[in-house]
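The values are calculated or read from the model by the stated rules, or taken from the named source; none is laboratory data. It should be emphasised that the depicted structure is a prediction, and the values quoted were computed from it without experimental measurement. Positions of Cβ are generated from backbone atoms using ideal geometry, with glycine treated the same way; all protein chains shown enter the neighbour counts.
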Amino acid sequence: MDEKTIMKSEVAELKKTPKKKVIKCVVWDLDHTIWHGILLEGDRLELRQGIVDIIKTLDSWGIINSIASKNNPEDAIHMLESFGIREYFLYPQIGWGLKSNAIGKIKEKLNIGMDAIAFIDDQPFERDEVSFVYDQVTCLDIDQIDNIPEMFKPRFITEESALRRKMYQDDDIRNQEEQEIGNNRQFLESLQLDFLIQPASINDLRRVEELTLRTNQLNATGYAYTYDELEQLIKSANHHLFVAELTDKYGSYGKIGVAMVACENDIWTLKLLLMSCRVMSRGVGGVLLNYIMNLAKENEKKLHAEFLPTDRNRLMYVTYKFAGFAEAGKLENGGVLLVHPLTDFIAYPEYTKVTIGK
């Protein structure tokens, strides 16, 4: 596909195919699932063959493991520790409530969609109960265990993938500090936030594709781009593709933002703008958009943006409107064309250092 073809197709028109369902979290039952036997009945428990390798593999791919089990929490955690696998499970929900309630709590902790969760349990009743409440959850019998790695394997494994569990754990430390400080502004200042924006390179494309697949709530169009499409875009003189990375005193959040601008004559059009949901509470959601606005003004270009509503991305429309964009018409795909007057340069948050890479 040459540059001319890309321009004529408007890139967005390439996105006819809906996103592939991406599993971000696998929630496991314990009795007769992770292990053989029933803990409460005093059985001699044995780990299911191959289960540890599967759990570790999912973890290395950036797929979070968690637990929804009807058990005594202290005894179940102790057993996981004795098997040497406690560290692999985030936000385990162990008690006597409904499994659907447990999954709801895990979903809230991870801030992901229900369709990004898979639930594995040996009991048909438990799977049916979860499916009845949350029909978007993928519910599987443990008998399908051999197929799990192939079913959930991401197209690419990125640097961020292997660090995803640690990133959530670091966020827990940040959230605890935020509660202790009490004042949100003081907390953000204490984090020493550094927001890096730079043109995407070939080495970024696997992560950019992953972000377009995984990001739903903060994706202005909901489009997913393939590695090959992205490679053509960074070669195009008529497109700008930017990636953003966030770090603070605790470490890196990884690459968490993407913006793609199509340039035609004196008009720049934001075709893609997304931010990882993990940075929603860090007060940096508008930094990448502000940079694009300032860059367009600096180059004396008009700035348009496309917004295509999905069932989750209303917040991105609010972000555009809050930034001063106004509706200028409808798009053929059912979306909205937005424009900005670019009357002034935008200041970045004082508590964030913004670094522009080359």
Query - Checking ASP59 against (1) within 24 Å of the chain's Cα centre (by Cα); (2) surrounded by fewer than 19 Cβ atoms within 10 Å (Cβ to Cβ); (3) charged (D, E, K, R), the condition it does not meet - result: (2)
Report task. Look at THR221 and say whether it is among the polar types (S, T, N, Q) and either under 17 Å from GLY283 (Cα atoms) or buried (at least 17 other Cβ atoms within 10 Å of the Cβ) (or both). Result -> yes
Query raised in the report: So which helices (runs of 4 or more DSSP H) are wholly in segment 154-220 and hold at least 1 residues that are under 16 Å from the mean Cα position of the chain (by Cα), in the same structural domain as SER276 (by TED's automatic domain parsing) and of a type in the set (Val, Ile, Thr)?
Result: 205-214
**Report entry** Extreme residue, farthest from the chain's Cα centre (by Cα), among residues of segment 131-150 that are in a helix (DSSP H, G or I) and free of Cβ contacts under 8 Å to residues at least 60 places away in the same chain
**Finding:** ASP143
Query - Breaking point among (1) at pLDDT 90 or above; (2) more than 15 Å from ILE23 (Cα to Cα); (3) not aromatic (Phe, Trp, Tyr), for LEU140 - result: (2)
Query raised in the report: Does segment 333-345 contain at least one residue that is of a type outside the set (D, E, K, R), out of contact with any helix residue (DSSP H, G or I) (no Cβ under 7 Å at 6 or more places or on another chain), in contact (Cβ under 8 Å) with a residue 60 or more places away in the chain and closer than 27 Å to LEU191 by Cβ?
Result: no
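Conditions (1) aliphatic (A, V, I, L, M); (2) farther than 22 Å from GLY37 by Cα; (3) touching a residue at least 40 places away in the same chain (Cβ under 8 Å), marked per residue:
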{"site": "ALA68", "(1), (2), (3)": "yes, no, yes"}
{"site": "PRO73", "(1), (2), (3)": "no, no, no"}
{"site": "ALA76", "(1), (2), (3)": "yes, no, yes"}
{"site": "ARG86", "(1), (2), (3)": "no, no, no"}
{"site": "GLY104", "(1), (2), (3)": "no, yes, no"}
{"site": "LEU110", "(1), (2), (3)": "yes, yes, yes"}
{"site": "ALA116", "(1), (2), (3)": "yes, yes, yes"}
{"site": "ASP121", "(1), (2), (3)": "no, no, yes"}
Report summary line: All conditions in (1) touching a Phe, Trp or Tyr at 6+ places or on another chain (Cβ under 9 Å); (2) modelled with pLDDT of 90 or more are true of ASP194 except (1)
Query raised in the report: If you check LEU272 against the conditions, is it among the hydrophobic types (A, V, I, L, M, F, W, C) and part of a strand (DSSP E or B)?
Result: yes
